[in-house]
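J.: Shown below is the structure under consideration.
The values are calculated or read from the model by the stated rules, or taken from the named source; none is laboratory data. Fair warning: this is a prediction, and the values are worked out from it, not measured in the lab. As a convention, Cβ positions derive from the backbone with ideal geometry for all residues, glycine included, and neighbour counts pool all protein chains shown.
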Amino acid sequence: MVRTELLRLNGAVGRDPAIDTWLKKHDGELGAIAREWFEAMRKCGDEVRELLHDGCPVACLGDAPFGYVNVFTSHVNVGFFQGAALPDPARLLQGNGKFMRHVKLKPGTVTNAPALSKLIDSAYQDIKSRVENG
């Protein structure tokens, strides 16, 4: 694991009503995809906190973000703030930035749900390790 200064976000809470409002505004298939995968992030552990950041739902461990969902015109991104460091044997992750990666999900397309669930769990465990070990 490469040591980097972690992004910290102020205002994360146990359950943010603004996120539920955001998710309800995105109806149809895209909204269902976003709700499914953000709920998976919420279930990672008792320490998960959340907030709206840059207009989309973000899951954090305390104030350190590990994942997000965002709805676009024809797809949903399930993203990871330290995604470049995550193991991705199914090769789902896209992006080439220094840290962030995302998985693009489209209605009517088969999703490798076990692999995406593993990425979410790995992102949570990764941020937990980074926070606990400085």
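J.: Return the only residue of Val78, Val110 being under 19 Å from Leu30 (Cα atoms) and more than 16 Å from the chain's Cα centre (by Cα).
T.: Val110
J.: Limited to the stretch 112-130, what total is found for residues that are touching a residue at least 12 places away in the same chain (Cβ under 8 Å) and surrounded by fewer than 17 Cβ atoms within 10 Å (Cβ to Cβ)?
T.: 5
J.: In addition: So Val110 clears everything in (1) of a type outside the set (Gly, Ala, Ser); (2) under 17 Å from Arg8 (Cα atoms); (3) not in a helix (DSSP H, G or I) except one condition, right? Which one?
T.: Result: Val110 passes all but (2).
J.: In this structure, does Phe99 turn out to be over 18 Å from Ile120 (Cβ atoms) and of a type in the set (Phe, Trp, Tyr)?
T.: no
J.: Return the residues of the stretch 36-55 that are within 18 Å of Ser74 (Cβ to Cβ) and surrounded by fewer than 18 Cβ atoms within 10 Å (Cβ to Cβ); say none if nothing qualifies.
T.: Glu36, Gly55
J.: Out of the stretch 1-56, which residues are assigned to a loop (DSSP other than H, G, I, E, B), under 22 Å from Pro114 (Cα atoms) and in contact (Cβ under 8 Å) with a residue 12 or more places away in the chain?
T.: Scanning the stretch 1-56 gives Cys44, Gly45.
J.: For the stretch 63-87, what are the residues that are assigned to a loop (DSSP other than H, G, I, E, B) and either in contact with a helix residue (DSSP H, G or I) (Cβ under 7 Å, 6 or more places away or on another chain) or within 15 Å of Ser129 (Cα to Cα) (or both)?
T.: Those that are assigned to a loop (DSSP other than H, G, I, E, B) and either in contact with a helix residue (DSSP H, G or I) (Cβ under 7 Å, 6 or more places away or on another chain) or within 15 Å of Ser129 (Cα to Cα) (or both): Asp63, Phe81, Gln82, Leu86, Pro87.
J.: Further question: Would you mind finding the one in Ala85, Ala64, Ala59 that is surrounded by fewer than 23 Cβ atoms within 10 Å (Cβ to Cβ) and out of contact with any Leu (no Cβ under 7 Å at 6 or more places or on another chain)?
T.: Checking each option against the conditions leaves just Ala85.
J.: Determine which single condition Ala90 fails, assuming it passes every other condition in (1) without any contact (Cβ under 8 Å) to a residue 40 or more places away in the chain; (2) more than 19 Å from Ala115 (Cβ to Cβ); (3) part of a loop (DSSP other than H, G, I, E, B).
T.: Here Ala90 clears every test but (2).
J.: Is there a residue being surrounded by fewer than 16 Cβ atoms within 10 Å (Cβ to Cβ), modelled with pLDDT of 90 or more and of a type outside the set (Lys, Arg) anywhere in the stretch 4-12?
T.: Within the stretch 4-12, not a single residue is surrounded by fewer than 16 Cβ atoms within 10 Å (Cβ to Cβ), modelled with pLDDT of 90 or more and of a type outside the set (Lys, Arg).
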